[in-house]
Amino acid sequence: MWMNEHQTSPTLITPTIMTLDSYRDALMRDWSPDNVRGSVAAQEHLISIAKDRDAFIKSLQDVDATGPPITLPDGATIRRLPSITRWIWDGSFAGSIGLRWQKHTSALPPHVLGHIGFSVVPWRRNRGYAKFALAEMLNCARAVGLDRVELTTLPDNLASQKVIIANGGVFLEKFLKDKAYGGGESLRYIITLA
């Protein structure tokens with residue numbers, strides 16, 4: 001879906017070749033879709049885009065988990081989970097939100113921090129985009145059969161906590177992240193899907 005450059009209200013789109021340049025521009029402005037791996041993930045995406053644009057776009061919609069293994073921040077590799085990515089669009093790329101899950105269960109493997117991760121580009125923050133995107137992605141979670149989703153955030157990330165709570169998130173626990181993710185405290189929320 002290609003949106004008008006002058007659009008102001010956000011929508012979620014499935015990434016396409018036509019919208020890829022706007023995404024790449026955000027990566028080149030030091031934004032990353034990965035809140036854990038940051039600039040390393042952004043550079044990997046830029047390299048993948050330069051190598052094969054079509055393959056990169058295809059990799060963002062992997063409902064059968066056929067892609068290559070995932071590399072954790074500590075360098076370990078793990079089996080990929082089914083996943084989808086949507087881009088927040090308001091006439092240009094404004095952020096990214098992803099959903100990952102295991103088939104036939106709402107449980108996650110211990111190495112997965114949450115079902116949904118999101119990041120809005122700094123120049124589009126404080127506009128309600130993350131709240132909107134999470135609400136929309138919850139519909140996708142229902143569609144793949146999940147009855148609940150877990151999300152995690154750092155204790156000092158008040159903006160993400162507000163977004164999660166605004167979408168029905170309930171605080172579950174404070175926990176220490178696995179050392180593969182750098183350790184440290186994190187907060188886990190749960191959203192029950194009716």
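Examine region 81-96 for a residue that is surrounded by fewer than 12 Cβ atoms within 10 Å (Cβ to Cβ) and either among the basic types (Lys, Arg) or in contact (Cβ under 8 Å) with a residue 24 or more places away in the chain (or both), and state whether such a residue exists.
No, every residue in region 81-96 fails to be surrounded by fewer than 12 Cβ atoms within 10 Å (Cβ to Cβ) and either among the basic types (Lys, Arg) or in contact (Cβ under 8 Å) with a residue 24 or more places away in the chain (or both).
When you scan region 41-67, how many residues do you find that are surrounded by 13 or more Cβ atoms within 10 Å (Cβ to Cβ) and at negative phi?
Total meeting the criteria: 17.
Residues that are touching a Ser or Thr at 6+ places or on another chain (Cβ under 8 Å), in contact (Cβ under 8 Å) with a residue 60 or more places away in the chain and among the hydroxyl-bearing types (Ser, Thr, Tyr): does region 45-68 have at least one?
No, region 45-68 has no match at all.
If you take the residues of region 165-194 that are open to solvent by 40 Å² or more (accessible area, probe 1.4 Å) and among the basic types (Lys, Arg), which of them is nearest to Pro110 (Cα to Cα)?
That would be Lys179.
Is it true that Val112 is surrounded by fewer than 21 Cβ atoms within 10 Å (Cβ to Cβ) and under 13 Å from the mean Cα position of the chain (by Cα)?
When the stated conditions are applied, Val112 passes them.
If you go through region 145-158 one residue at a time, do you hit one that is at pLDDT below 95, farther than 19 Å from Thr192 by Cβ and touching a Pro at 6+ places or on another chain (Cβ under 7 Å)?
No, region 145-158 contains no residue that is at pLDDT below 95, farther than 19 Å from Thr192 by Cβ and touching a Pro at 6+ places or on another chain (Cβ under 7 Å).
Find all pairs meeting these conditions: Cβ atoms under 9 angstrom apart; at least six residues apart or on different chains; first residue within region 138-164 and farther than 28 Å from Gly183 by Cα; second residue open to solvent by 60 Å² or more (accessible area, probe 1.4 Å) and not in a helix (DSSP H, G or I).
Close Cβ pairs satisfying both conditions: Arg142/Ala194; Val144/Val63; Val144/Lys103; Gly145/Lys103; Gly145/His104; Asp147/Thr192; Asp147/Ala194.
From the list Ala76, Ala42, Ala26, pick out the single residue that is in contact with a strand residue (DSSP E or B) (Cβ under 6 Å, 6 or more places away or on another chain) and hydrophobic (A, V, I, L, M, F, W, C).
Ala26
Kindly check whether there is at least one residue in region 28-39 that is modelled with pLDDT of 95 or more, part of a helix (DSSP H, G or I) and either aliphatic (A, V, I, L, M) or under 15 Å from the mean Cα position of the chain (by Cα) (or both).
Looking through region 28-39, at least one residue is modelled with pLDDT of 95 or more, part of a helix (DSSP H, G or I) and either aliphatic (A, V, I, L, M) or under 15 Å from the mean Cα position of the chain (by Cα) (or both).
Which of the following residues is out of contact with any Lys or Arg (no Cβ under 9 Å at 6 or more places or on another chain) and either farther than 12 Å from Ile191 by Cα or not β-branched (Val, Ile, Thr) (or both): Leu172, Leu146, Leu151?
Just a single option satisfies the conditions, and that option is Leu146.
Of everything in region 69-80 that's of a type outside the set (D, E, K, R) and touching a residue at least 24 places away in the same chain (Cβ under 8 Å), which residue is least open to solvent (accessible area, probe 1.4 Å)?
Per the criteria, the residue is Leu72.
The values are calculated or read from the model by the stated rules, or taken from the named source; none is laboratory data. Note that this is a predicted model, so its numbers are computed, not measured. Glycine gets a Cβ as well: all are built from the backbone with ideal geometry, and neighbour counts include every protein chain shown. Only protein heavy atoms, including side chains, enter the accessible area calculation; ligands, DNA and RNA are left aside. Shrake-Rupley method; radii C 1.70, N 1.55, O 1.52, S 1.80 Å.
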